[in-house]
1. What does the charge add up to near Asp74, with Lys and Arg as +1, Asp and Glu as -1, over the other residues with Cβ less than 9 Å from its Cβ?
2. Projecting each Cα onto the charge dipole of the chain (Lys/Arg +1, Asp/Glu -1 at the beta carbon, about the Cα centre), which of Ala41, Gly85, Ser132 comes out farthest on the positive side?
3. Can you tell me the alpha carbon radius of gyration of region 26-170 divided by the globular rule-of-thumb value 2.2 N^0.38 Å?
4. Round to the nearest 0.05 the FRET efficiency obtained for Phe106 and Asp62 when R0 = 25 Å and r is the Cβ-Cβ distance.
5. Write out the GluC sites (Glu not before Pro) in region 81-155 meeting two conditions: DSSP loop, and at most 13 other Cβ atoms within 10 Å of their Cβ.
6. At a Förster radius of 25 Å, what calculated FRET efficiency corresponds to the Cβ-Cβ distance of Thr146 and Ser31, to the nearest 0.05?
7. Could you run the Karplus curve 6.51 cos²θ - 1.76 cosθ + 1.60 with θ = phi - 60° over region 38-49 and give me ³J(HN,Hα) per residue in whole Hz, x for Gly and Pro?
8. Helix-derived [θ] at 222 nm for the chain: sum -39500 (n - 2.57) over DSSP H runs of at least 4, divide by residue count, nearest 500?
Amino acid sequence: MTKLWSVVFLLLSACVGIPEGLKAVDGFEVSRYLGTWYEIARLDHRFERGLENVSAIYSLADGGGLAVLNQGRDTKTGVWKKALGKAYFVEGPHQGRLKVSFFGPFYGAYNIIALDKVGYSYALVAGSDRTSLWILARSKELPQETLDRLVGQAKALGFNTEALLYTQHP
């Protein structure tokens, strides 16, 4: 039985890891990250498949951590899909590394690997491996130069940027 729990622990902890060779931003200020972020681009995954106008709203949660409201409109039905989750810091509130859950006790990695520390206007976020990536911004569009720089950075870090899906915000 001990072996089983060891395997379960290893599997769950791998889900909140950070891809090899990547580092979450230091000097993170949670108060500046709160509020609405718009998804500019992402690598495809089943939770957001077929959604447009995707955004996330971060707020302080009772008892510590953050509340996360993700939402997007289904392109086929026009229906808004929403998911309420919770996030907690993995290595302290000054590092942009969180574990996020939308489904009970199961957590996924939320690693902020690039951040506009001056204006908190954009962020590059990775999951636990190089198949999860998001480019987020405070507005529904980023200047092309900024977007190109973030895509280039992601490519240099080993992400398949050719597969990025650019989110429509009609």
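1. +2
2. It is Gly85, whose Cα lies furthest towards the positive end.
3. Numbers: Rg = 14.5 Å, N = 145, 2.2 N^0.38 = 14.6 Å.
Rounded to two decimals, the normalised Rg is 0.99.
4. On the way: r = 21 Å, r/R0 = 0.84.
Efficiency for this residue pair is about 0.75.
5. Details: sites: Glu91, Glu141, Glu145; in loops: Glu91, Glu141.
Answer by residue number: Glu91, Glu141.
6. Details: r = 23 Å, r/R0 = 0.92.
FRET efficiency, Thr146 to Ser31: 0.65.
7. Whole-Hz 3J(HN,Hα) from phi for region 38-49: 9, 7, 9, 7, 7, 7, 4, 8, 5, 5, 10, 4.
8. Numbers: 3 runs with 30 residues, N = 170.
Dividing the helical sum by the residues of the chain leaves -5000 deg cm²/dmol.
Read-outs: derived from the displayed coordinates by stated rules, not from any lab. All figures in this text were calculated on a predicted structure; none of them were measured in a lab. Methodologically, a virtual Cβ is constructed for each residue, glycine included, from the backbone with ideal geometry; neighbour enumeration extends over all protein chains shown.
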